[in-house]
1. Being among the aromatic types (Phe, Trp, Tyr) and touching a Gly at 6+ places or on another chain (Cβ under 9 Å) is the filter; apply it to the stretch 1-49 and report the residue that is surrounded by the most Cβ atoms within 10 Å (Cβ to Cβ).
2. Being surrounded by 17 or more Cβ atoms within 10 Å (Cβ to Cβ), under 19 Å from the mean Cα position of the chain (by Cα) and without any contact (Cβ under 8 Å) to a residue 60 or more places away in the chain is the requirement here; does residue 68 meet it?
3. Is it the case that the stretch 204-216 has a residue that's surrounded by 16 or more Cβ atoms within 10 Å (Cβ to Cβ), within 19 Å of the chain's Cα centre (by Cα) and not polar (S, T, N, Q)?
4. Taking the stretch 1-49 as the region of interest, how many residues are free of Cβ contacts under 8 Å to residues at least 60 places away in the same chain, more than 21 Å from residue 76 (Cβ to Cβ) and not small (Gly, Ala, Ser)?
5. Being among the small types (Gly, Ala, Ser), part of a loop (DSSP other than H, G, I, E, B) and at pLDDT 95 or above is the filter here; which residues of the stretch 65-76 pass it?
6. Evaluate the stretch 101-112: report whether one residue or more is of a type in the set (Lys, Arg) and either in contact with a Ser or Thr (Cβ under 9 Å, 6 or more places away or on another chain) or within 18 Å of residue 32 (Cα to Cα) (or both).
7. Tell me, which residue of the stretch 143-184 that is of a type in the set (A, V, I, L, M, F, W, C) and without any contact (Cβ under 8 Å) to a residue 24 or more places away in the chain is least open to solvent (accessible area, probe 1.4 Å)?
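The values are calculated or read from the model by the stated rules, or taken from the named source; none is laboratory data. The structure displayed is predicted, hence computed values, not measured ones. Quick reminder, even Gly has a Cβ in these numbers, built from the backbone with ideal geometry, and neighbours come from all protein chains shown. All accessible areas refer to the heavy atoms of the entire protein, side chains included, with ligands and DNA or RNA removed. Shrake-Rupley method; radii C 1.70, N 1.55, O 1.52, S 1.80 Å.
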Amino acid sequence: MTIRVAMWSGPRNISTAMMRSFGSRADTVVSDEPLYAHYLAATGLDHPGRDEILASQPQRWEDVAEALTGPIPGDPAVFYQKHMAHHLLPVIGRDWLGKLTHAFLIRDPAHVVASYAKVRGEPTLEDLGYPQQVEIFRTFGGPVVDSADVLRDPAGTLRRLCEDLGLPFDPAMLSWAPGPRPEDGVWAPHWYANVHASTGFAAYDPSPADIPDRLRPLVETARPYYEELAAHRR
């Protein structure tokens, strides 16, 4: 039976590198942000490549849920779903989530906000995905990994994650060929340059986050959500 791994991450994290890692397994197929088109259609936001994204995916969340929980061509051992937690809008039903195996990729909000501020001036708590991650975790549970731990010790952290998911660890998860892949979303040209140039996880950078003063309250608002999840990290 296929293990359907729903990995919930916020923005400005290593979510695409984690997708590369799982996509390097011979027993795994991946889905890249399957709720993105619904998110854009429902919010009206104008993201880079909006028209292409809307044309590339179902815009009804019900259709996405059916695809993510229904038959999978080839019957792979693992179906890895890279989800942005903020794409899980309140209008989306939650019952179908019970058919998935959930996992959570987190990052210290200081670093998330400092990075996000460079691409969007005024992010909100909902943009960061922490409340949605906590909602899913409280309901369904699942392993939690911190991006800093992945970068410090990719082999050890991924080995523990696989164990928690009931999967054998595969050393192929630690490296990959550079360049785009067919499973990348159509938005990849706008966002995936670093991953396309990579052959593995980047080295951990211990530098402190440079947070604009105006966004420090947002970091403090997000921190309790992060700490609740971080208490369960592996």
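1. That would be 8.
2. Numbers: surrounded by 17 or more Cβ atoms within 10 Å (Cβ to Cβ): yes; under 19 Å from the mean Cα position of the chain (by Cα): yes; without any contact (Cβ under 8 Å) to a residue 60 or more places away in the chain: no.
Against the criterion (surrounded by 17 or more Cβ atoms within 10 Å (Cβ to Cβ), under 19 Å from the mean Cα position of the chain (by Cα) and without any contact (Cβ under 8 Å) to a residue 60 or more places away in the chain), residue 68 does not qualify.
3. Looking only at the stretch 204-216, we keep the residues that are surrounded by 16 or more Cβ atoms within 10 Å (Cβ to Cβ), and these are 211, 215.
Filter once more, keeping what is within 19 Å of the chain's Cα centre (by Cα): none.
Within the stretch 204-216, not a single residue is surrounded by 16 or more Cβ atoms within 10 Å (Cβ to Cβ), within 19 Å of the chain's Cα centre (by Cα) and not polar (S, T, N, Q).
4. The number of residues fulfilling the criteria is 6.
5. Answer for the stretch 65-76, where residues must be among the small types (Gly, Ala, Ser), part of a loop (DSSP other than H, G, I, E, B) and at pLDDT 95 or above: just 70.
6. First pass over the stretch 101-112, keeping only residues of a type in the set (Lys, Arg): 107.
Those still in the list that are either in contact with a Ser or Thr (Cβ under 9 Å, 6 or more places away or on another chain) or within 18 Å of residue 32 (Cα to Cα) (or both) too: 107.
Looking through the stretch 101-112, at least one residue is of a type in the set (Lys, Arg) and either in contact with a Ser or Thr (Cβ under 9 Å, 6 or more places away or on another chain) or within 18 Å of residue 32 (Cα to Cα) (or both).
7. Step one: filter the stretch 143-184 for residues of a type in the set (A, V, I, L, M, F, W, C), giving 144-145, 148, 150-151, 155, 158, 161-162, 165, 167, 169, 172-174, 176-177.
Keeping just the survivors that are without any contact (Cβ under 8 Å) to a residue 24 or more places away in the chain gives 155, 162, 169, 177.
Details: 155: 35, 162: 0, 169: 44, 177: 67 Å².
If we take residues in the stretch 143-184 being of a type in the set (A, V, I, L, M, F, W, C) and without any contact (Cβ under 8 Å) to a residue 24 or more places away in the chain, then 162 is least open to solvent (accessible area, probe 1.4 Å).
Per-residue answers, yes or no, for (1) exposed (fewer than 15 other Cβ atoms within 10 Å of the Cβ); (2) in contact with a Phe, Trp or Tyr (Cβ under 7 Å, 6 or more places away or on another chain); (3) assigned to a helix (DSSP H, G or I); (4) among the hydroxyl-bearing types (Ser, Thr, Tyr):
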residue	(1), (2), (3), (4)
91	yes, no, no, no
114	no, no, yes, no
122	yes, no, no, no
133	no, yes, yes, no
